[in-house]
Structure formats: C-alpha cells, structure tokens
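Quick notes on the structure that follows.
The values are calculated or read from the model by the stated rules, or taken from the named source; none is laboratory data. The shown structure was predicted, so the numbers you read here are calculated from the model rather than taken from an experiment. A quick note on method: Cβ atoms are made from the backbone with ideal geometry, for glycine too, and the neighbour counts reach across all protein chains shown.
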Amino acid sequence: MEKIRERAATLLAEGVVTLVLGYEEGTKRPRPLFCRNSESARKLIFDSRCIHNLAVYLTKKELVGKDRFAVIAPIATLRSIMQLYVENQLSEDKLLVLTVDPSGELRELVTFEDIAGYVEQFELKRGEREQEILSKIDEMSREERWKFWMEEMSHCFKCYACRSACPLCYCSKCVVEVNRPQWINPWPAPLANMEWHINRAMHMVGRCTACGACGDACPVGIPIDLITRKMMEDMAPEFGYIPGQPAKKGNALSTWKLDDREQFIR
Amino acid sequence: MSKIGVFICHCGENISATVDVERVAREVGGMEGVAHAIDYKYMCSDPGQTFIKEAVKKYNLDGVVVGACSPRMHEPTFRRACAEAGLNPYLCEMANLREHCSWVHEKSEETTEKAIDLVKMLVQKVKKNKPLDSIKVPVTKRALVIGGGIAGIQASLDIANTGHKVILVERDPSIGGHMSQLSETFPTLDCSQCILTPRMVEVAQHPNIKLYTYAELESLEGFIGNFTAKIRLKAKSVDYSTCTGCGACIQKCPVKKIPSEFNAGLGTRTAIYVPFPQAVPNKPVIDRVNCNYYKRGACKICEKTCQVGSIQWDREDEIVTEEVGAVVLATGFDVKGADFFPEYGYGKYKDVLTGLQFERMASASGPTFGEIRRPSDGVIPKKIVFIACAGSRDPAKGIPYCSKICCMYTAKHAMLYQHKVHDGESTVFYMDIRAGGKNYEEFVRRAIEEDTVNYVRGRVARVYEKDGKLIVKGVDTLLGGQQVEIEADMVVLATAGVANCGSEQLAQKLHVSYDPYHFFAEAHPKLKPVETNTAGIFLAGACQAPKDIPETVGMASGAAVKVAALFSNDELVREPLVAVVNRLAPPLYSTCVGCFMCETACPYNAIEHEDIRGRDGSLIKTIAKVNEGLCQGCGTCVAFCRSKSIDIQGYTHEQVYAEVMSLLND
Amino acid sequence: MSSNTDFEPKIIAFVCNWCTYAGADLTGTSRLKYATNVKIVRFPCTGRIDFLLLLKSFAQGADGIIVSGCHPNDCHYTSGNFHARRRWIAFRSILDLMGVDIRRIQYSWVSAAEGSKWADLVNHTVADIRSLGPYQEYQKIADYLEKGGYHGED
C-alpha cells in the first residue's frame, strides 16, 4: 500500500502523469479517488475490498482529458482495459497501469502487451455467489427461468446504474436513447426491462469480461451480472475464446468460422 | 401527412382469382396517409404505368406502393415509371401479392386479408422512405496489372487493345513467368517460348502499356475507379536508357556460380545478368547480394567493359506513384521445392528433380540444351520414374487440393523423355489421372499407348540411393497392392503448385481475401470467378488456384473484359442502397464511438476511419465512415452497431421497424 | 389452451433478398400451397437482421418467427449469413437463459432453388407453433400498461 502511495506521488510530482485513478477509504467500502497531486496520493489505499472497476472512467473524455494518467487496477479492471484497447477506446501512450501481484509486489504495466502478458496468468473462475445462483438457474425448467427473471426484473426501475458501472458501455448514445424508432422504452415496465437486459447481454457477447460491476451497482440487487456472465461462459467454447483472457482484434460476433454450430438451423 | 398512392394489380387473373383485389384497394385506401388507391388488370402494362404516372402528378404523391408480382421481377419497371413522373424512384415499393400470396394460397378470406397486410406493411415502410440519388464514382481509365507471366501479359494486351492505358508490374528482371521456363506445352507439344515470346515483345512495344520490371507494389490506397498505387522500382544498377543490351558485361562478370532461378537451380548465372536469352527487356540487372562490388567494395569489371557507361553503382530504389482505376492480380504460383519431400530424398540426391527442373532440362534453351542428362554425372538416364501428386492431394502435407496441371505435364514429360531417349524406359506412379480438357485424355492415352510409358497406379513410399541407382519403392494398387521396386537413374517429382511467396502480404496490401492456402479468393466460386470481394480488383491465372495455360489465358481475358467494362463509362453509377454512419451537430458529431466492430464484420473493407477535428486541428474523435465505392449494401454492419449509428439506405431501421409493427398490428 | 385447434398463429418471416425471398418466389411460380399465417419481411441479407426486430415481433404479438437466408457459402455478400449464424447462436443462448421460448424461432437456410423447402418450412413452422399455442407469456408482459401489472392473475 505504501509503495503505491509513493509511486503515485512520484509519478505526479515528476509530471509523468497528471492524474492517478485509485481508491480511498469510504464510509462502507473503498471508493474511487482521483489524485491530481502528490498530496492527495497519500490517501490512496489498495486491498482486496477495492473492486470498483475504475476502467469505467477511462473512456470519460472530460475526466481523463488529453494528458497521460495512471490507473490502479486489480485483475478485473485489467481485463476491461484489454477489451477497451481492442475496441480502439484507449491508447497506450496515455495510460500507465499500476497493479499489485499476488505476492504483494507493485507492478507497473506500460504497454498493452505487458498487460496482456500479465492477465494471461490469471484464470477467471466463478465465485461462491455466482456458483450458487447459476447452478440454481441451471436446474430450472424454461418456464421457471422465465418466472425467476420476471420476478427479478419486476424490481428493476431502470436507473441504468448497470450501464453506468460497466466499463464497456461507453456509447455516447445508448440504444434506449435512440428514438427513431424507439426500440426499447426507457421506462420501467416488464417488457422494457426484459428487452433492456436481453439487449445488454447481446451487446456484451464476446466483450464482457465478467468484472461484475453491473451486478454490484444494481441498487435492488438483481443478479444481472450473471446474465452476461453465463452468456460469456456459454459462448466461450462456442466461439473459441477463453473467458477472462485478453481479447484479440475483432469481436466474437464480428468474426465467424466456417464450422460454427448450426444444428438448430433447419 | 404522407400522400401515398396504392396500385393493386390483378395480373390478369393471377392475383384476382384468389385475392379480392377490390377489397384490398378499398381497405388500404382507408389508411391514414393513403391519398389514392386503385386496382387494375395489368399494372405493368403501358396503361397501368400511365395510371401511376398520372396519379403521381394529380395527387402530388410522395410515395407509391404497387401490389403486384415479386419486386425481383418488376421493381425496376415501377421505379422507372415513378421517376418518369418526377417521383424519386426510391419512394416506390412493391408488395408481393402474386408469388407470396395468390399463387401459394387458395381463394379465401385469409388470403385476401394476408394481401391487405402485405400492402399495408409496404405503405408503412414507404412512409419512412427517403429520396435517394444514385451514387456516381469517377473512374480513372488506367489499369494496373501485377505480374508479368502469361496471365498478366494476356490481361495487359487485352486491356491495352481496348484503347486504355496499362501499367504492368513484374517482380523479376523479365516478364514471361513460368510459361517462359516450359519446354513444350500439352496437349499440342508446341514450344512454349515460340508462342510466348512474340507476346512478350508485343507488351514491350505496345504504346498503351507501361512496363515496370524488377518492381513490386509498395501500397495500394483508394477504391474502385480511384486507386493510388505506389510501386517500388528496385535498383537495377544499370541505366536502361543508355544500355544497348550487348551483353559484354555478362561475359566478363567474374561471379559465375550463382544458381540460375530461370533454370530452377540446374544452371548458373552471373551477378550482372539477364535471366534468359529471350528476356523482355533484354537488358541486365546487377544482383547486389552476389555482386563482388556490393559485397566487398571492389571489382567493377562490368563498368570497365561497358562501352556506353551504363553501370550506375549508386542507383537507389525508386518509388513511383500511379493513379489507376482497376487492378488485375496475376501473380501466379510457385512449386514446392527442396526438403519438402524427405521421403523422396529430394535435396539429398542430385538426380531427384522437380517437374520444373525437368522442364528446363527438356528445353532447347536449357542448361543441357534439351538433352536429358543426370545432374550428378551427366549420363543419359535409361530408366526414369515420374511421381505424380508429390505433395498434392495429401492432407498430411497440408495440401489437400489437386494441383491440376501435374497429370498433364507428367504425361508430357514422359513423352518428351521417350522422344529424346528412344531406348529409355519411363514409369509414372499416379493416384488418378485427371485429364479433363480438350484433347487432354487423348494426350495421356498417346503417352501410354504410342510412347509406351508405363503407368502404375499407386503411391511411392520411399526413394533411396544404392550403388549409383535410385531405388523407388512403391505399390501397384491395381495389382492388389503388390510391392513394386524400380532401379531408376532419375526420379522426377510432380510437386504441388502452391501460392506464390509473398501472396499473403500482397493480399493484405490490396485488402483482398485469400484462402487457407494463400491463393486469392474469388468473389463467387461459380459466378464471379475473376472478381475479388474488393470492387475494382480482378484475378487472372494461377494466383487464384493452380490452372493450366488455356484456362489462365481465358481468365486473363475475362478479367480484361471486366476492366474494359468498368472503363466504358466516365462515371460508375451505383444503386444508393449503401450503409451510412450518422453525422450530427457538435459536440457529438456522430453517435459512432469508433469501436470499429463494423470494420471487422464488413466483407468488402468498406469501413474507413474518419478523424473529426476541432477548429484548432486537434483530434476530437475517430469515427467510422462508409466508402460508397466499396459498400455493396449487405447491412451486416448495421445489425452490429450497438448504438445504431450506422444504417443502410433502403432498409433503414425506421423502415423495417415500421414494417414489423404494421404486419403484427391487428 | 395449447390444444386449441382454432388458434391461428401469427408468424413473421425475416428473409434475405437473394436466397430465401427468391426461393419463396419459386414456391409461387411452382404453385405450391402453404398456410397464410406467415408473412415475409424482406432484407438485403441475413446479416442485416437485427435481433431487436425478433424481440419486437414477440412484443407485437407474433407467436412464431422464421429467420431464413442463404446456405453457408452461398451468401450473395459472401459472409453475411455466417455473421448471422453466430449472432443467432448467441441470441438463442441468451433467450434460453432468460426463459424465452426459443422453439418459437425457426432458423433455416432456403436457397433460391428450394421452393418446396420454403413451403415445407412454412407448413412445419405453422404446425409447430399451433401446437405450442399463442405466446401469451410474452404478450402479457407487452400488454402490461393496458392490462395493469404483471403480478395480476394469470
């Protein structure tokens, strides 16, 4: 922790970066901290409670601006950064990544190749909560799944916190704001909620890195992160990628293979 | 409010026999925004079209729906009629009441109701239609042909003879390609050079052809009708404007042991060289890798020999830029060579040759002046074995395809051998004989029957040397897999034809697709064999797949016609049914966020990057832009775009959404 | 409910212009008969078919959907159908997870020469959807605002 503070302070003092995105102690859990001087870098913390995916800020032009900045990134954030890079949303020369490896060593990752090499070592696994709910869903019949999700969705009041928390929802105009035609009604209603969440999952195919930020952000606790997570797990063998591993150029849906499955096609 | 005109056709009785057309017109006529609705016996007839034209003017219509046959049949007819009446043709749509309704259903209430739904659907669509203008792209009437083998030569001559300028680029110091290496050609056994060299000379002398030899394509930018090609002219070290091609420098060059590429390594050449006596242009280049001066800084004997002072030691590569409207790719193929066949001892035994080497040996201008002699000791072989399918049709070797020409040239080789060595004995090991082509089968039969070539159906497992002989071990599958062992003096492998080296990189430079074996991919395997998926780039010859000379020449002429057709107009007029990326006022400029998923999805490389810059020139963002010259209008990008920033004219989100909503509304 | 033989399913078909639309034209030219329940919306290519249109169709009252295009390697645009196939694989998986009845979407390849296949496809799909019954489950959530709340009586 001390090392991170020191390094951040030095980077800022020497003008290597103008902004460090990190975490500070919050009321209940750590919250994001934007350090612009070495003074504020003293407030930085980093531990296992720091799960807020800071990659979401990296595409906010008003925040990161034109200068170089550093971000303190746990593994989930690193995966998001890789995906953003593949989608042409980040450039190497503007970003410096600080992370702490499992042995507690501070690592500085400069190029995306560095990040990819680092990310490769980590396997993406289901946590206890994911395992529990997903295995429950696996046992349900189709009708039960429909009921389950309708029940969950009935709580959704379309605050779009899931969208705001997701680092990969960086569109300047979201499809719910497109009104010619109005594909999905923006207000909360069973149909509009269902359409929104199916749409969100479709938009995440081959992109979601299962950071769980959407689920964490949901104020009414709908396990929406499991929709994209399950989708990701199911699609990985289908399209030949390994969940959580650095993405390659070209998205799973914008590429194809001659022998993709088609038993369902008459 | 819209003013839509609806015209329901009886199609004689084809529609009206099962659909109550009057009711269709009546019910659709009551829709909001429909200004006029009628039914008539033959809408496509002259009076029918006149109804439409008059109604457009009388009711000032801003959209037309014709409920008749399939739009695949008469859409152009009715769109033209609308255009003649002054209505933008893209404001006219057709509802398919015949093929999709009256012909497939019995006369019933439901059939009429379905017809009403179909017409209503198109009315809702047409309300969202926008007037569109055809896309006009200017055309630079100059072609670039890459590769100076027979394919490139033929394509260049054909294009040049239509009166258009051609730039022919050849990688080697001379044009001619593989065909110039061949001895005689099947199935007529006429001498390859005798038929080729006149064409090579014609290329050099043609007023419409600009020839760049010893040159390679550096880059190609742009799109159909408007390409900019950068061509690297490799330094020849000889000034061609003064060189007379006397050849004195070649005689005196002290570096004489360089394996000759033209002779497939069987002969040698000097460091300053002309690849072969009939080369075009017939002037030398200096091979800087092997030249004593470039290697060690001393020699310059050629300079002393040259009486006109043409040697230019400091000459550097030069890049020239050419504007062209079309490109013909004719880069040909290569054959598998050394160490690909350890089981046949190739590369180890001097007397195991490739077909191309045998070709040079059999050629009157070759290293042995046409005599078949063992490279190891110069003795005339009395027993010779030809192995067909060396590499080809062998998935284990990564070449599952048939190289197509080997059966024929192997028969030719055996024949030539028998003609030259009368007491010789030749054996061909083959898998199947593929002699599809005019006079081809007869040719093979002649080899077997008249020239007594021994054909054995089976594969050769191994070739090894023993007491100065090559022992060929194989099986005869027609004799129940019986082992065959031949003590041969020479073995010739019909090695697989493969994509030319560098074809993958070239394809990437040109943005054309290629198959798993790096042959360039045609746009459609049957109906567009000379087109690529990139508009304006065409294929000729073996760069697409192995093929023989007549096929190559035919394909080259085909490509030339495609180019000539493109050049027959000053402007390329295209249907405006292409994708567009939305543009908005600042600060958004566009809802596109530049993830470029569309770029990977587009089969036509039509998505470009467009930098949006502020007044001070600073980059605000990079968004996608559709190149109208390249886009073919499939709309795959549209379905990808998460923010719906890209749309396709003629099938816009609003249009298809309106159709779906209308169709399902009760 | 599902055994209701009077039930006439509403089916919408999304087809590509070059293969299936032309194939359906051939069905007409060959005078092969099929059920009137299916209505075709024409697209340039299956690659153009947006998954949201499928969702909106259910919301708008469709009981079944047909999506059809060119066979692999036959796409007029080379690869639109391959892209579409991937999209459908993902879409089916997500719909299935959410409990949407994916038996109601019939995917198919129908070429321009397969007029009889189109007629068979339509007739089979109509029969399948007829046995599944109206898609009330989905339409109920679509009718929410008119009929007052999802948590009402079934």
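Points worth noting:
- Among the residues of the stretch B:340-362, just one is in contact with a helix residue (DSSP H, G or I) (Cβ under 9 Å, 6 or more places away or on another chain), part of a loop (DSSP other than H, G, I, E, B) and within 21 Å of B:Lys257 (Cα to Cα), namely B:Lys348.
- Residue within the stretch C:71-78 that is of a type in the set (Phe, Trp, Tyr) and surrounded by fewer than 22 Cβ atoms within 10 Å (Cβ to Cβ) present: no
- Answer residue from the stretch C:45-77, given it is acidic (Asp, Glu) and more than 7 Å from every other protein chain (Cβ to nearest Cβ) and is nearest to B:Ser662 (Cα to Cα) among those: C:Asp63
- There is at least one residue in the stretch C:24-36 that is assigned to a helix (DSSP H, G or I), under 15 Å from the mean Cα position of the chain (by Cα), surrounded by 23 or more Cβ atoms within 10 Å (Cβ to Cβ) and at the interface with another protein chain (Cβ under 7 Å from one of its Cβ atoms).
- Some residue of the stretch B:611-627 being among the hydrophobic types (A, V, I, L, M, F, W, C), free of Cβ contacts under 8 Å to residues at least 40 places away in the same chain and facing chain C (nearest Cβ under 9 Å): no
- C:Ser108, sole failed condition from (1) of a type outside the set (A, V, I, L, M); (2) within 11 Å of chain A (Cβ to nearest Cβ); (3) assigned to a helix (DSSP H, G or I): (3)
- Number of the condition not met by B:Glu359 [criteria: (1) touching a strand residue (DSSP E or B) at 6+ places or on another chain (Cβ under 7 Å); (2) at pLDDT 95 or above]: (1)
- Residue that is surrounded by the most Cβ atoms within 10 Å (Cβ to Cβ), among those in the stretch A:211-266 that are of a type in the set (Lys, Arg), within 7 Å of another protein chain (Cβ to nearest Cβ) and without any contact (Cβ under 8 Å) to a residue 24 or more places away in the chain: A:Arg266
- For first residues located in the stretch B:633-651 and facing chain C (nearest Cβ under 9 Å), partners that are assigned to a loop (DSSP other than H, G, I, E, B) and acidic (Asp, Glu) and lie 6+ apart or on another chain with Cβ distances below 7 Å form the pairs B:Ala639/C:Asp50.
- The C-beta contact set for the stretch B:529-540 (first residue within 14 Å of chain C (Cβ to nearest Cβ) and acidic (Asp, Glu), second residue in a strand (DSSP E or B) and crowded, with 24+ Cβ neighbours inside 10 Å, distance under 7 angstrom, 6+ apart or interchain) comprises B:Glu531/B:Phe538.
- Pairs meeting the criteria (first residue in the stretch B:355-382 and outside the structural domain of B:Arg269 (by TED's automatic domain parsing), second residue among the aromatic types (Phe, Trp, Tyr) and outside any loop (DSSP other than H, G, I, E, B), beta carbons under 7 Å, at least 6 apart or on different chains) are B:Gly355/B:Tyr409; B:Ile372/B:Tyr417.
- In the stretch B:62-81, the residues that are hydrophobic (A, V, I, L, M, F, W, C) and buried (at least 24 other Cβ atoms within 10 Å of the Cβ): B:Val64, B:Val65, B:Val66, B:Ala68, B:Cys69, B:Phe78, B:Ala81
- Given (1) surrounded by fewer than 21 Cβ atoms within 10 Å (Cβ to Cβ); (2) on the phi > 0 side of the Ramachandran plot, index of the condition B:Ala264 fails: (1)
- Only listed residue being free of Cβ contacts under 8 Å to residues at least 40 places away in the same chain, closer than 30 Å to B:Thr622 by Cβ and not small (Gly, Ala, Ser), chosen from B:Glu522, B:Glu485, B:Glu504: B:Glu504
- A residue that is without any contact (Cβ under 8 Å) to a residue 40 or more places away in the chain, more than 10 Å from every other protein chain (Cβ to nearest Cβ) and assigned to a loop (DSSP other than H, G, I, E, B) occurs nowhere in the stretch A:195-206.
- Within the set A:Ser48, A:Ser103, the sole residue that is loosely packed, with under 14 Cβ neighbours inside 10 Å, within 20 Å of the chain's Cα centre (by Cα) and either small (Gly, Ala, Ser) or not in a helix (DSSP H, G or I) (or both) turns out to be A:Ser48.
- Counting the residues of the stretch C:57-97 that are within 27 Å of A:Thr228 (Cβ to Cβ), assigned to a loop (DSSP other than H, G, I, E, B) and touching an Asp or Glu at 6+ places or on another chain (Cβ under 9 Å) gives 0.
- Test for B:Pro381: is it within 26 Å of B:Ser260 (Cα to Cα), surrounded by fewer than 24 Cβ atoms within 10 Å (Cβ to Cβ), in contact with an Asp or Glu (Cβ under 6 Å, 6 or more places away or on another chain) and of a type outside the set (D, E, K, R): yes
- Test for A:Thr111: is it of a type in the set (Val, Ile, Thr), touching a helix residue (DSSP H, G or I) at 6+ places or on another chain (Cβ under 7 Å) and more than 30 Å from A:Lys173 (Cβ to Cβ): yes
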